[in-house]
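J.: What follows is a structure written as structure tokens; I'll ask about it next.
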Amino acid sequence: MEKLMGFSKDKWNDFVNNSVRSQTRTDFELFTLKEIYDQMIPIDGAVFIRFINSAKTLIVTAALGNWKHSLYREIENTYNIVTSITEPTIINSRTPIPSSIKPYFYQMKPTEELMVIPIISENPITKEFHQLKGYVVLQRLKSPFTNNNLLTSKAIGKEYGILFDVFDSTKLLIYGNKINEFGEKLIKIATYFRGSVFNFFERYINDIISLIPNAQAGSFLMETPAGFKYLAISGYTEKLFQLPPIPRQNHVKWYYYGNHRMRKGIPRILTREKIKEIIQTDVVAKTSPLTKEIQVSLGIPIVHNGEVVLFINLENFDSPAAFDDNDIILGQKLASYLVASHQILTLKEKLEKREIIIEQLNEMSSSLVKANTTQNTENMSQIMVDLLINNISILDPDIVMIWTEKSNRTIVFPPETEEDIINELKEQIIDLIPYINLKEYAIGTFHGKNLLIIHKNIPIKENSFISLYIALTRDLPWSSIALNYINSTISSITIYGKNLMYLKTIKVTQEETLKLLGKILEVRDIETKGHTERTANLSLLLAQKLGFHDLQGIVRGAYLHDIGKLAIPDKILLKPGRLTPEEFDIIKSHVFHGYNLIKHIEGLSETTKNVVLYHHEKWDGSGYVHGLKGEEIPLEARIFAVVDVFDALISERPYKKPWPTDKALQEIKKGAGSHFDPKVVEAFEEVIREEQGKKKMGQTE
């Protein structure tokens, strides 16, 4: 150890502690070449040729003297060279030059000699990785190499093989520990991460790239049935995200070493010459010109159960020798953590999606069950389509098209989808109709996206239905979970449609019944003719003016406001003379009787009940029967109070003539702040003026 290769103990420690830790492999190869160059003087030219086992390639990574121009040159016929030169070899014009290296070495001069020294590891621990580290080729133009030089070179090859083992092992230990530390952290993060696989790798791509020495840029692709889709990018244009999935055969071309090796998860190094060959016809290079500047690429397939779930490309733009076989080992180690993280995220995403879908189905079922007669059922088919689009949005489709065969009606979401796309998708549906009708669904691809088409018949009224073809596209494949969810959604909406038609019938019947109840008072001469209809119409206009939310509730309150008078004896209710205080108290009780009559009617809102119970309360608290004051009185009751008094003023009664509209309005305004809410009175005057204006316009026309 003290005198290994002439290294003193101090020099050895300096080598291990400084050179190995701080240098790149290219630096170390240049260091090795200089050391051998100095030991073998005189030398006219020298190169270090690295053997990249994963790429089955030889590349010049260091050059001195006459051969400086050969730096980064790749050597073809690599396999023959590796098998033909396993011992130091002297080559001159008098000895046969191995045919495998003839293309590299020019016509030798008579006095020129070359010595090729293979740097081979004989360490039993590391030989399982890669034994051949590379070749040192030395050139002498005038003085020949001697037998002593040959013996020295044999020792040099073995001793530097040991040094390369130390270098490789140290580098693997340093960066391997970093990968282990980060990988364990990444798995923990994935366990608690709230987001998609896309979000996850987009967030951590730069951290992952930093784990491989000399990686300057990179991209993550995810395999889908339509091909490989970019999901994270660092150092390249984001236009790559807009590319359709790259067909599998094109991606295998980028991998270069075959689909079989890729699916076994074997990382690869793609050298500059091979990259130049690929990018001539590559769509990625056209989208991202920086691709043409790549000097070397490290590709890491992330494989699960024989399928490539992710693919990582890491690139360097400065040196064709930036990556070596150590990076292959590090890439495989990194891949083991990435596949674990990916599977955790994918499983979580499936479970979360399943939970969300179940929750959404439950919510939809509850909302459909609770659907009441306030639902506008005039356009049943539109309601059904809207419900469908809203509920399948959870599946994150890019395009949703709903097409009806009979009416040729097309609904597309998002609305700004290009017309050419719409027509092309419709044609694809039409072409697949026989197949879809047979199986009720079809799965395919459309513009690089995964396509799902489902055919369903949805009833819109008795003995009538609409036949819908629903087409959805997205990046992710369509799973059985998504298909079951869509079918469940359609089934729920179908049931809802039937219920909605039933509710529509009930609604019409109920509305007519409530109107009839209100008009009973007019028939018995308790109210003036038309009072119920007029107060209902005016209440609706005033409520709209004030932005009141429950318009149906206040109209129903107008129908039923005095229904409690049916419980008051006729001798008091129809008494022509002045009422005694006791009799007036009985009259006041009609609000309680009315409330008790309607409070158990199914479907009546609190608005309706409040109008019946509180419409005789006054702003200043002097009304009956609760003596509520100001905003203690529900707004719906304050609205109706104004309308009720106004209609009484303009109506003919046994004891008075009808008042003109303007006189009645002035009387209402006098009551603002005492009997009525001033803001309601102000809005009411606007309503009356607007109605008068409409009448004048009608008369003019």
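The values are calculated or read from the model by the stated rules, or taken from the named source; none is laboratory data. Keep in mind that this is a model prediction, so the values were computed, not measured. Because the Cβ atoms are built from the backbone with ideal geometry, glycine has one as well, and the counts that use them run over all protein chains shown.
J.: Exactly one condition in (1) under 16 Å from Ile490 (Cβ atoms); (2) modelled with pLDDT of 85 or more is false for Gln428; which is it?
T.: (1)
J.: If you check Ile189 against the conditions, is it surrounded by fewer than 18 Cβ atoms within 10 Å (Cβ to Cβ), closer than 30 Å to Val309 by Cβ, touching a residue at least 12 places away in the same chain (Cβ under 8 Å) and within 39 Å of the chain's Cα centre (by Cα)?
T.: For Ile189, the condition - surrounded by fewer than 18 Cβ atoms within 10 Å (Cβ to Cβ), closer than 30 Å to Val309 by Cβ, touching a residue at least 12 places away in the same chain (Cβ under 8 Å) and within 39 Å of the chain's Cα centre (by Cα) - is met.
J.: What number of residues within segment 44-58 are under 13 Å from Val136 (Cα atoms) and either surrounded by fewer than 21 Cβ atoms within 10 Å (Cβ to Cβ) or touching a His at 6+ places or on another chain (Cβ under 6 Å) (or both)?
T.: First pass over segment 44-58, keeping only residues under 13 Å from Val136 (Cα atoms): 45-51, 58.
Next cut, either surrounded by fewer than 21 Cβ atoms within 10 Å (Cβ to Cβ) or touching a His at 6+ places or on another chain (Cβ under 6 Å) (or both) only: 45.
Residues that pass the stated criteria total 1.
J.: Right, next: Restrict the check to segment 146-169 and report whether at least one residue is surrounded by fewer than 18 Cβ atoms within 10 Å (Cβ to Cβ), among the aromatic types (Phe, Trp, Tyr), outside the structural domain of Asp207 (by TED's automatic domain parsing) and in contact (Cβ under 8 Å) with a residue 60 or more places away in the chain.
T.: No, segment 146-169 contains no residue that is surrounded by fewer than 18 Cβ atoms within 10 Å (Cβ to Cβ), among the aromatic types (Phe, Trp, Tyr), outside the structural domain of Asp207 (by TED's automatic domain parsing) and in contact (Cβ under 8 Å) with a residue 60 or more places away in the chain.
J.: OK, next. Only residues that are part of a helix (DSSP H, G or I) and more than 59 Å from the chain's Cα centre (by Cα): list them for segment 621-656, please.
T.: Ala648, Leu649, Ile650
J.: Further question on the same structure: For Phe584, only one of the following conditions fails: (1) in contact (Cβ under 8 Å) with a residue 12 or more places away in the chain; (2) hydrophobic (A, V, I, L, M, F, W, C); (3) surrounded by fewer than 17 Cβ atoms within 10 Å (Cβ to Cβ). What is its number?
T.: Every condition holds for Phe584 apart from (1).
J.: Also, quick follow-up: If I filter segment 227-234 for residues that are over 23 Å from Phe446 (Cβ atoms), surrounded by fewer than 20 Cβ atoms within 10 Å (Cβ to Cβ) and either touching a residue at least 12 places away in the same chain (Cβ under 8 Å) or not assigned by TED's automatic domain parsing to the domain that holds Ile344 (or both), do I get at least one hit?
T.: Checked against the condition, which is being over 23 Å from Phe446 (Cβ atoms), surrounded by fewer than 20 Cβ atoms within 10 Å (Cβ to Cβ) and either touching a residue at least 12 places away in the same chain (Cβ under 8 Å) or not assigned by TED's automatic domain parsing to the domain that holds Ile344 (or both), segment 227-234 yields at least one hit.
J.: I would also like to ask the following. Of the residues that make up segment 439-448, is at least one under 23 Å from Ile399 (Cβ atoms), modelled with pLDDT of 80 or more and basic (Lys, Arg)?
T.: Checked against the condition, which is being under 23 Å from Ile399 (Cβ atoms), modelled with pLDDT of 80 or more and basic (Lys, Arg), segment 439-448 yields no hits at all.
J.: For Lys565, are the conditions met, namely being in contact (Cβ under 8 Å) with a residue 40 or more places away in the chain, more than 23 Å from Ala672 (Cα to Cα), among the basic types (Lys, Arg) and surrounded by 18 or more Cβ atoms within 10 Å (Cβ to Cβ)? Full working, then the answer.
T.: On the way: in contact (Cβ under 8 Å) with a residue 40 or more places away in the chain: yes; more than 23 Å from Ala672 (Cα to Cα): yes; among the basic types (Lys, Arg): yes; surrounded by 18 or more Cβ atoms within 10 Å (Cβ to Cβ): yes.
It is true that Lys565 is in contact (Cβ under 8 Å) with a residue 40 or more places away in the chain, more than 23 Å from Ala672 (Cα to Cα), among the basic types (Lys, Arg) and surrounded by 18 or more Cβ atoms within 10 Å (Cβ to Cβ).
J.: Say we look at segment 323-348 and pick out the residues that are within 17 Å of Ile208 (Cα to Cα) and charged (D, E, K, R); which of these is surrounded by the fewest Cβ atoms within 10 Å (Cβ to Cβ)?
T.: If we take residues in segment 323-348 being within 17 Å of Ile208 (Cα to Cα) and charged (D, E, K, R), then Lys333 is surrounded by the fewest Cβ atoms within 10 Å (Cβ to Cβ).
J.: Does any residue of segment 206-223 turn out to be over 22 Å from Asn316 (Cα atoms), acidic (Asp, Glu), touching a residue at least 40 places away in the same chain (Cβ under 8 Å) and not assigned by TED's automatic domain parsing to the domain that holds Ile52?
T.: Yes, the conditions are met somewhere in segment 206-223.
J.: Does at least one position in segment 608-616 carry a residue that is under 58 Å from the mean Cα position of the chain (by Cα), assigned to a helix (DSSP H, G or I), of a type in the set (S, T, N, Q) and on the phi < 0 side of the Ramachandran plot? Give the steps one after another, and end with the answer.
T.: Filtering segment 608-616 down to residues under 58 Å from the mean Cα position of the chain (by Cα) leaves 608-616.
Then drop every residue that is not assigned to a helix (DSSP H, G or I), which leaves 608-614.
Those left that are additionally of a type in the set (S, T, N, Q): 608, 610.
Now drop any that are not on the phi < 0 side of the Ramachandran plot, which leaves 608, 610.
The answer is yes, given that some residue of segment 608-616 is under 58 Å from the mean Cα position of the chain (by Cα), assigned to a helix (DSSP H, G or I), of a type in the set (S, T, N, Q) and on the phi < 0 side of the Ramachandran plot.
J.: Can you run down the residue pairs with Cβ atoms below 7 Å, 6 or more apart or on separate chains, where the first is in segment 419-446 and hydrophobic (A, V, I, L, M, F, W, C) and the partner is in a helix (DSSP H, G or I)?
T.: Between residues of segment 419-446 that are hydrophobic (A, V, I, L, M, F, W, C) and residues that are in a helix (DSSP H, G or I), the close pairs are Ala442/Leu432; Ala442/Tyr435; Ala442/Ile436; Phe446/Leu425; Phe446/Gln428.
J.: While we're on this one: Any residue at all in segment 513-533 that is in a helix (DSSP H, G or I), at pLDDT 85 or above and surrounded by 13 or more Cβ atoms within 10 Å (Cβ to Cβ)?
T.: Within segment 513-533, none of the residues are in a helix (DSSP H, G or I), at pLDDT 85 or above and surrounded by 13 or more Cβ atoms within 10 Å (Cβ to Cβ).
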